[in-house]
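The values are calculated or read from the model by the stated rules, or taken from the named source; none is laboratory data. Keep in mind the model is a prediction, meaning the values are calculated, not measured. We place every Cβ from the backbone using ideal geometry, glycine too, and count neighbours over all the protein chains shown. In case anyone asks, the SASA skips ligands and DNA or RNA and just uses the protein heavy atoms, side chains included. Shrake-Rupley method; radii C 1.70, N 1.55, O 1.52, S 1.80 Å.
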Amino acid sequence: MSKPKKLVVGNWKLHGSKAANAQLLSGVLAAGPYAADVGVCAPFPYLADLQAQLASSAVTWGAQDVSAHEQGAYTGEVNAAMLAEFGCRWAIVGHSERRAYHAESDQLVADKAKAALAKGVTPIVCVGETLEQREAGHTEEVVKRQLSAVIHTLGACIAEIVVAYEPVWAIGTGKTATPEQAQAVHALLRAQLAAATPKASTIRLLYGGSVKPDNAATLFAQADIDGGLIGGASLKAADFAAICRAAG
Ligand code: PGA
């Protein structure tokens, strides 16, 4: 099976305003088109703006979270059907910031991935170890446990997701995993997926954690790295565009 097309997704986190987003997106669009698939994940209130501004471009957009529930008394939550109604392409689930600050469990993350897929929104499932876990030699065990909940919950649909390996110690710290460190974990994840689906080679495995224009190309050149999930650098049009081009 041929290798999947590279994918670069910006994760804006809790940043932006209507004016700043419009300016950022026009910079990203002006620097395109890109050979890789490109997406941006914005805070919920801006999704309608993204839908409008990106409608005639190849740049896709998504949310940074999605509810595991279909509907009901869940104040503050946004479900996958609502996202799908706008044409939302992606939903990041299980980002380490949500696991840490909102106590999201492996099973909740898996349920969110399932809820997204059920409405045609592709979940970008994040996994990754903390510095403490890496130093204790538990990286493999942690990422496998996180991915295993998703594999178990999705069954054959696992082939439809995107996985992002984001070592927690590399997020927003300027400390990037070396290409070798990242590739080693991606290879483990690929093997785990291969045990679950014959389509494992088509699943895009993104690396995230301090990806910048000057380290993106080497990371993306690794055998099992199919693109990136970009935080800080996705807020600057020139940097994000350079990273997208590095994946091309
Ligand atoms: P960073 O964030 O690129 O700012 O390290 C990546 C992420 O959290 O998705």
* Asked: Quick one: is S201 at pLDDT 95 or above, away from the ligand (no atom under 16 Å from the Cβ) and either among the polar types (S, T, N, Q) or closer than 18 Å to K3 by Cβ (or both)?
  -> yes
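Condition check: open to solvent by 30 Å² or more (accessible area, probe 1.4 Å) and either out of contact with any His (no Cβ under 6 Å at 6 or more places or on another chain) or free of Cβ contacts under 8 Å to residues at least 40 places away in the same chain (or both). Does L193 satisfy that? Walk me through it before giving the result.
On the way: open to solvent by 30 Å² or more (accessible area, probe 1.4 Å): no; either out of contact with any His (no Cβ under 6 Å at 6 or more places or on another chain) or free of Cβ contacts under 8 Å to residues at least 40 places away in the same chain (or both): yes.
Answer is no for this residue.
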* To do: Have a look at E141, E135, E166 and point out the one that is within 15 Å of the ligand (Cβ to nearest atom) and charged (D, E, K, R).
  => E166
* To do: For residues that are touching a residue at least 24 places away in the same chain (Cβ under 8 Å) and in a loop (DSSP other than H, G, I, E, B), scanning just the stretch 116-158, find the one that is nearest to D37 (Cα to Cα).
  => V121
* Asked: For the stretch 74-115, how many residues are of a type in the set (D, E, K, R), assigned to a helix (DSSP H, G or I), out of contact with any strand residue (DSSP E or B) (no Cβ under 7 Å at 6 or more places or on another chain) and free of Cβ contacts under 8 Å to residues at least 60 places away in the same chain?
  -> 6
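Yes or no, residue by residue, for (1) open to solvent by less than 30 Å² (accessible area, probe 1.4 Å); (2) farther than 15 Å from A36 by Cβ:
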{"position": "Y165", "(1), (2)": "yes, yes"}
{"position": "I171", "(1), (2)": "yes, yes"}
{"position": "E180", "(1), (2)": "no, yes"}
{"position": "L189", "(1), (2)": "yes, yes"}
{"position": "D214", "(1), (2)": "no, yes"}
{"position": "A221", "(1), (2)": "no, no"}
{"position": "G227", "(1), (2)": "yes, no"}
{"position": "A241", "(1), (2)": "yes, no"}
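Scan the stretch 134-153 residue by residue and report those that are of a type in the set (A, V, I, L, M) and touching a strand residue (DSSP E or B) at 6+ places or on another chain (Cβ under 9 Å). Walk me through how you get there before you give the answer.
Filtering the stretch 134-153 for residues of a type in the set (A, V, I, L, M) gives 136, 142-143, 147, 149-151.
Those that are of a type in the set (A, V, I, L, M) and touching a strand residue (DSSP E or B) at 6+ places or on another chain (Cβ under 9 Å): V142, V143, L147, V150.
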* Given (1) under 17 Å from the mean Cα position of the chain (by Cα); (2) aliphatic (A, V, I, L, M); (3) away from the ligand (no atom under 16 Å from the Cβ), index of the condition A195 fails -> (1)
* When the stretch 90-114 is examined, which residues are found to be away from the ligand (no atom under 16 Å from the Cβ) and surrounded by fewer than 22 Cβ atoms within 10 Å (Cβ to Cβ)? -> A103, S105, D106, Q107, L108, D111, K114
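Please determine whether any residue of the stretch 149-158 is polar (S, T, N, Q), modelled with pLDDT of 95 or more and within 16 Å of the ligand (Cβ to nearest atom).
Within the stretch 149-158 (the criterion being polar (S, T, N, Q), modelled with pLDDT of 95 or more and within 16 Å of the ligand (Cβ to nearest atom)), the answer is no, since none of the residues qualifies.
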